[in-house]
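Engineer: This structure is in structure tokens; I'll ask about it shortly.
The values are calculated or read from the model by the stated rules, or taken from the named source; none is laboratory data. Since the structure is predicted, the reported quantities are computational estimates derived from the model, not experimental observations. All Cβ positions, glycine included, derive from the backbone under ideal geometry; neighbour counts span all protein chains shown. Ligands, DNA and RNA are excluded from the accessible area calculation, which covers all protein heavy atoms including side chains. Shrake-Rupley method; radii C 1.70, N 1.55, O 1.52, S 1.80 Å.
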Amino acid sequence: MIRRCIFLFVLVSLISCGGKDKIPVGILKPDKMQAVLWDVIKADAFTAEIIRKDSSKKTADVNLKLQQEVFAIHKITRQSFYKSYDYYKENPGKLKVIMDSMIVQAERNK
């Protein structure tokens, strides 16, 4: 009887821990999220550094347009990006992996 209880406990533990690394449906996979996030950050930096100096353009409008272009290039929607971004913010371990990979990539590109 004790062996059955231990076996059942181990089985339940393995099953409950098994799905933690899976990405839910509708969420961008880490590699895709990294590529899109990298481009969104570059668009934000461009807007902050270049466009803000041009008083004839509204930075928010330019930033929105650049983000839409990024989403079109990656063939995703704004909603899917922000849904994925919210998911990764709620799962900091997964977001850390993405951010660390981006840092390594940026240092390689220097």
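Engineer: Can you name the residue in the stretch 24-82 that is among the basic types (K, R) and either at pLDDT 85 or above or in contact with a strand residue (DSSP E or B) (Cβ under 6 Å, 6 or more places away or on another chain) (or both) and, of all such residues, is most open to solvent (accessible area, probe 1.4 Å)?
Structural biologist: The extreme case among them is K75.
Engineer: I'm trying to understand the selection: among the residues of the stretch 20-44, which are assigned to a loop (DSSP other than H, G, I, E, B) and either under 25 Å from E107 (Cα atoms) or of a type in the set (G, A, S) (or both)?
Structural biologist: The answer is G26, L28, K29.
Engineer: Please identify the pairs in which a residue from the stretch 35-51 that is over 17 Å from I73 (Cβ atoms) has its Cβ atom under 8 Å from the Cβ atom of a residue that is among the β-branched types (V, I, T) and surrounded by 14 or more Cβ atoms within 10 Å (Cβ to Cβ), counting only partners at least 6 apart or on another chain.
Structural biologist: Matching pairs, first to second residue: A48/T59; I51/T59; I51/V62.
Engineer: For the stretch 45-62, what are the residues that are among the basic types (K, R) and part of a helix (DSSP H, G or I)?
Structural biologist: Selection gives R52, K53.
Engineer: Among (1) open to solvent by 80 Å² or more (accessible area, probe 1.4 Å); (2) part of a helix (DSSP H, G or I), there is one condition G93 misses while meeting the rest; what is its number?
Structural biologist: Here G93 meets the rest and fails (1).
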